[in-house]
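Scroll down for the structure; my scribbles are underneath it.
All of the numbers you see were taken from the coordinates with simple rules; none came from a lab. Note that the coordinates shown come from a computational prediction; the quantities given were computed from them, not determined experimentally. Quick reminder, even Gly has a Cβ in these numbers, built from the backbone with ideal geometry, and neighbours come from all protein chains shown.
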Amino acid sequence: MSGGRAGTTGGTAGKRRGAPVVFRAGCPHCRGRFELAASALRLAIGASRRTTFYSFTCPDCGVAVRKPAGERIVELLTGGGVRTLRLYSTV
């Protein structure tokens, strides 16, 4: 997910076998690169692209990181079991 791109390791075949999905991410503050479990990420889906983002705490420097999430990133994160919060009403 470095630079707004999401990547996973484990793939769909790994998910079928129960292997945890791991997401690659990067911190814009310390420039660290690392892998995070789905439990370390949060996804917020808003009514627009500007209000849809994912967040995590950098394991290297401890800074709270928030990055925009386009359709593909939303798909990868939700498919990988990341906890999701909807910021708009569907009614």
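Computed quantities for the displayed model
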{"quantity": "Point-to-point label distance, residue 87-residue 72, nm (Cα→Cβ direction, 7 Å offset)", "calculated": "2.2"}
{"quantity": "Phi-based couplings in Hz for the stretch 32-39 (Karplus 6.51, -1.76, 1.60; Gly and Pro marked x)", "calculated": "x, 10, 7, 10, 10, 6, 4, 5"}
{"quantity": "Compactness of the stretch 19-66, expressed as Rg and Dmax over alpha-carbon positions, Å", "calculated": "11.5, 33"}
